[in-house]
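Working notes, structure below.
Each value in this text was obtained by applying a stated rule to the coordinates, not by laboratory testing. Keep in mind that this is a model prediction, so the values were computed, not measured. Quick reminder, even Gly has a Cβ in these numbers, built from the backbone with ideal geometry, and neighbours come from all protein chains shown.
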Amino acid sequence: MTKDKSQTNNEIIRVSFILFLEKGYEATSIRDICKEVNIKPASLYFYYKSKEALFLSIYDDIWHEKIKYIEDIEELKQNISPKMKLYHLYKNMLEFYTQNMAKQKFLLRYHLFQTEELSTVIKDKYNFWKNEEEKTMLEIINQCLDRKILDDSRLSNEYLELYKRFEYHQVIDMIISNVKLNNTKLDALWSQFWNYTMISEV
């Protein structure tokens, strides 16, 4: 049975994602992808003009999914304290990383170990998507500052950096240990972070 265009494109993306993640961008060729998808190179170029275009499409899609997930967090739309919103953002994001660990590994790989061919474009895209991701975080932190929940002797960007560093360490720990943190552990880590970093280090 012949695949339709949507099925073929989905298979190209699925296979390319795995190869880019496991072998790396430079070690993955169009022929490698086509062999796994069982299509000819000319067919792939119908969907993507180059390997770079295919890679960047996957990269952008992962980031877009992440931003959409943040926008859809129900607790952030509720009338609760900004401190609780930041807490729910933290818990929901770790849940997102748990459910999408391979995608997070993909983003980390190409952020930490940028291929020379794509270094400039990846850097630009990373900065764009990072700014999009941080909009919600900064908004909540500013609400905390406005309500005196956080001390205004520190700038909002400083609090943001502390929060991002905390979240990043949890993600790295999960990737290394391959263990999902339970709610008790998450709550304990959050309490320690809030009381001894966000509050005490002012």
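Against the main long axis of the alpha-carbon atoms of the chain, helix 101-112 sits at an angle near 90°. Principal-axis analysis of the Cα atoms of the chain puts helix 156-177 at an angle of about 60° to the longest axis.
Taken about its Cα centre, the stretch 1-48 carries a charge dipole of roughly 160 debye when the Cβ of each Lys and Arg holds +1 and the Cβ of each Asp and Glu holds -1.
Placing unit charges on the Cβ atoms of the charged side chains and taking the dipole of the stretch 99-202 about its Cα centre, the candidate lying farthest along the positive direction among 120, 183, 194 is 183.
Based on the Kirkwood radius over alpha-carbon pairs, what value in µm²/s does the Stokes-Einstein equation return for the translational diffusion coefficient of the stretch 50-101 at 10 °C and 1.306 mPa s? Diffusion coefficient, whole number: 128 µm²/s. Mean residue ellipticity, 222 nm, helices only, the chain: the sum of -39500 (n - 2.57) across DSSP H runs of n ≥ 4, divided by residue count and rounded to 500, is -24000 deg cm²/dmol.
So how strong a dipole does the stretch 100-155 carry about its Cα centre when Lys and Arg Cβ are +1 and Asp and Glu Cβ are -1, to the nearest 20 debye?
Values: 10 positive and 10 negative charges, 46 e Å.
Dipole about the Cα centre, nearest 20: 220 debye.
Summarising the label geometry, the points placed 7 Å from Cα in the beta-carbon direction at residue 53 and residue 151 lie 5.5 nm from one another.
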